[in-house]
1. Name the one entry in A:Arg114, A:Arg120 that is in a loop (DSSP other than H, G, I, E, B), among the basic types (Lys, Arg) and under 22 Å from A:Arg77 (Cβ atoms).
2. A:Met228 fails exactly one of the following numbered conditions: (1) closer than 15 Å to A:Gly7 by Cβ; (2) open to solvent by 10 Å² or more (accessible area, probe 1.4 Å); (3) among the aliphatic types (A, V, I, L, M). What is the number of that condition?
3. Go through segment B:25-54 residue by residue and tally those that are open to solvent by 10 Å² or more (accessible area, probe 1.4 Å), more than 16 Å from the chain's Cα centre (by Cα) and without any contact (Cβ under 8 Å) to a residue 40 or more places away in the chain.
4. Looking at this structure, is A:Gly69 more than 30 Å from A:Glu111 (Cα to Cα) and at pLDDT 95 or above?
5. Just to be sure, is B:Pro110 closer than 16 Å to B:Arg154 by Cα, open to solvent by 70 Å² or more (accessible area, probe 1.4 Å) and modelled with pLDDT of 95 or more?
6. Give me a count of the residues in segment A:248-264 that are crowded, with 19+ Cβ neighbours inside 10 Å and assigned to a helix (DSSP H, G or I).
7. Answer yes or no as to whether A:Thr64 is within 14 Å of chain B (Cβ to nearest Cβ), of a type outside the set (Asp, Glu) and under 16 Å from the mean Cα position of the chain (by Cα).
8. Please tell me if B:Thr159 is out of contact with any Lys or Arg (no Cβ under 6 Å at 6 or more places or on another chain), open to solvent by 50 Å² or more (accessible area, probe 1.4 Å) and among the hydroxyl-bearing types (Ser, Thr, Tyr).
Number of protein chains: 2
Amino acid sequence: MSDESPGALSINTATTRRQWGVVEAAENYARLGVTGIAPWRDQIAECGLASAIRAIRDNGLRVTGLCRGGMFPQPDRTSFAANLDDNRRAIAEAHELSSDCLVLVCGGLPEGSRDIEGARAMVAEAIALLLPEAQAAGVRLAIEPLHPMYAADRNCINTLGQALTLCEKLAPEDPNGWLGVALDVYHVWWDPALEDMLNRLDPVRLHAFHICDWRRTTRDLLCDRAMMGDGVIDIERIARNVGALGFEGLPEVEIFSNDWWAVDPCDVVATCLERSLAVRRILDCTQV
Amino acid sequence: MSDESPGALSINTATTRRQWGVVEAAENYARLGVTGIAPWRDQIAECGLASAIRAIRDNGLRVTGLCRGGMFPQPDRTSFAANLDDNRRAIAEAHELSSDCLVLVCGGLPEGSRDIEGARAMVAEAIALLLPEAQAAGVRLAIEPLHPMYAADRNCINTLGQALTLCEKLAPEDPNGWLGVALDVYHVWWDPALEDMLNRLDPVRLHAFHICDWRRTTRDLLCDRAMMGDGVIDIERIARNVGALGFEGLPEVEIFSNDWWAVDPCDVVATCLERSLAVRRILDCTQV
């Protein structure tokens, strides 16, 4: 493909969440040349699902993921069941949105718990329960391993290897990839096993590819992600591995950043488009 | 052993670094019932090595580790060599202090680099060069895997498995454990492979066991460690695994915390002693 026509791009609405709601984001992303969107459920709740769907469809955007289901480990069975119900609503929303997948941020330790293996067992139990329902709704589940610094409070699934083990255990025969993973360079770049795990990954299970960057000196655990190129991640190397898997989704920019939330969102989007050029070319080339 | 006589304890001087220099720390740790100390080189430089050694010896403290050597990945060969020379001085200091080990915080990415595997190769190269010199000086090297959130700026060795692979590659025949590891619960508690890796660990390579806790909601990447019991780590479970290896060192409290640095250091030490009781009993019991 030519330099003039790089591959397409999705933006996760968290990237502009302080500036735009989902409807404004959909309109502006499309106007500025973005072809996909990944909305968050709390932002959808603000405008209503119908408005979100209309704005996304009217602007011709592909939904690369719905954020998020998960948070499975709970302090008691009642909360566990209530959270499953919330995940069922998330599956229904993902279906309505024709989303490529429902992203699962699986949850950390229940308040007061020190039993991380117990939490991991609750994650497996919950996904096993939800998987047939997601499949019936035509929704692919994407386990997103989160950086180990979130193990306590957000997600006890912290490596791609762990996520793959879950997939292989809960859905050993899964030619359509109803259970798969979302790969975010921010969470996995440091992992010495990353390349081996990408080789182990059945391509049909790769549902999302998130890009951003890791600041060499990170100032905040949650809201200090960097724009591609401003950090230390060799994003292009990971993109080549992802491309080699035949990934057919769109790369998706997801940046939680106090810095970027303070910038004119049109400039944020323009910068996302510019800084993702190399990755988009890699994915386009390897897909052809 | 009885409840009245729990096992011994070491404190890392980083725990009281804002309140006490090494000499004051040695005097006060001993006076309050602590039996070991792990000093930092920058703190030793402030009082001079001879004063530090005298204070530590006069107070009958065991040196459970010298912090720290490492920082091996460098932007050019000149810096690489200069840093090796600094590590040679650290080996000499560890020898003078009769330290159980020299702790290696291996270093992150050189400024401007995105090549984490290249950084890891520089770590291996440096340790291979230093190991015979350390052995000649009677100093055991302890690779300390650091939490993946430090991969960019402090240490590209981020799991116990990675550290063991380095040991097994660089010192395959090492019955005296000249090359080993320092295990800090803060860095490894999240790792789903931790127990398997502790089973893989040759006991002779376990040179240090650091304890503290991980706050469920951590507010700062560097200076928000918790006192044992105030966080989510199942420290006693890890201590049982460490005890099962026949660990003969002292558990060592190492807490970087803006909160605890603002507390009367005598209270910090008293709290360390109290909150480490369970771990000390576990290590004493399993050693007998």
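The values are calculated or read from the model by the stated rules, or taken from the named source; none is laboratory data. The structure presented is a predicted model; accordingly, all values stated were derived computationally and were not measured. Heads up, the Cβs are rebuilt from the backbone with ideal geometry, glycines too, and the neighbour counts pull from every protein chain shown. The accessibility values were calculated without ligands, DNA or RNA, using every heavy atom of the protein model including side chains. Shrake-Rupley method; radii C 1.70, N 1.55, O 1.52, S 1.80 Å.
1. Of the residues listed, the single one that is in a loop (DSSP other than H, G, I, E, B), among the basic types (Lys, Arg) and under 22 Å from A:Arg77 (Cβ atoms) is A:Arg114.
2. Condition not satisfied by A:Met228: (2).
3. Number satisfying all stated conditions: 10.
4. Details: more than 30 Å from A:Glu111 (Cα to Cα): no; at pLDDT 95 or above: yes.
No, not satisfied.
5. No.
6. The total comes to 1.
7. no
8. no
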